[in-house]
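K.L.:
First, the structure itself, so that you have it in front of you.
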């Protein structure tokens, strides 16, 4: 719906008495004089706050999550067998690809045939699983080194 009276608002962040009563006014500082409401700044979840309501800045821990593309990237250059499913395909519903893992992204895998050099891009949306005939390099996020299992 079109509103001819709408005007964008610019918010000032990081100055003033955030969340406190100021200037003897009966309204909290988050309410502007025009009757509109300004919003407090975005802060990371779990950030400590002082009794005055200010947020104490802390470094946000950066942990890489264990996604399949990260595991595949740790194993570039290895020969693998990649099992894919293509739904609603009358010719072939499932297909198996074997080749050298050259690249892995969020939505794709690139493999090459070592004998012909032909490169194939596989979409992760069709990816079921992969097998490798050699040990995989794997480091779970937040751990140091590549701990070996006790098997």
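K.L.:
Cβ-Cβ distance below 7 Å, separation of 6 or more or different chains: which pairs start in segment 47-72 with a residue that is under 30 Å from residue 136 (Cα atoms) and end on one that is modelled with pLDDT of 75 or more and not in a loop (DSSP other than H, G, I, E, B)?
P.N.:
Hits for this filter: 64/70; 69/104; 72/101; 72/104; 72/109.
K.L.:
Would you check which residues across segment 102-117 are under 12 Å from residue 77 (Cβ atoms) and either in contact with a helix residue (DSSP H, G or I) (Cβ under 6 Å, 6 or more places away or on another chain) or modelled with pLDDT under 95 (or both) and list them?
P.N.:
104, 114
K.L.:
Continuing with this model, one more query. How many of the residues in segment 72-95 are farther than 14 Å from residue 123 by Cα and over 27 Å from the mean Cα position of the chain (by Cα)?
P.N.:
The number of residues fulfilling the criteria is 7.
K.L.:
I've got another one for you. Quickly run through segment 101-117 and pick out the residues that are surrounded by 15 or more Cβ atoms within 10 Å (Cβ to Cβ) and over 18 Å from residue 129 (Cβ atoms).
P.N.:
Selection gives 103, 112.
The values are calculated or read from the model by the stated rules, or taken from the named source; none is laboratory data. The structure displayed is predicted, hence computed values, not measured ones. Counting neighbours? That spans all protein chains shown, and the Cβs are built from the backbone with ideal geometry, glycine included.
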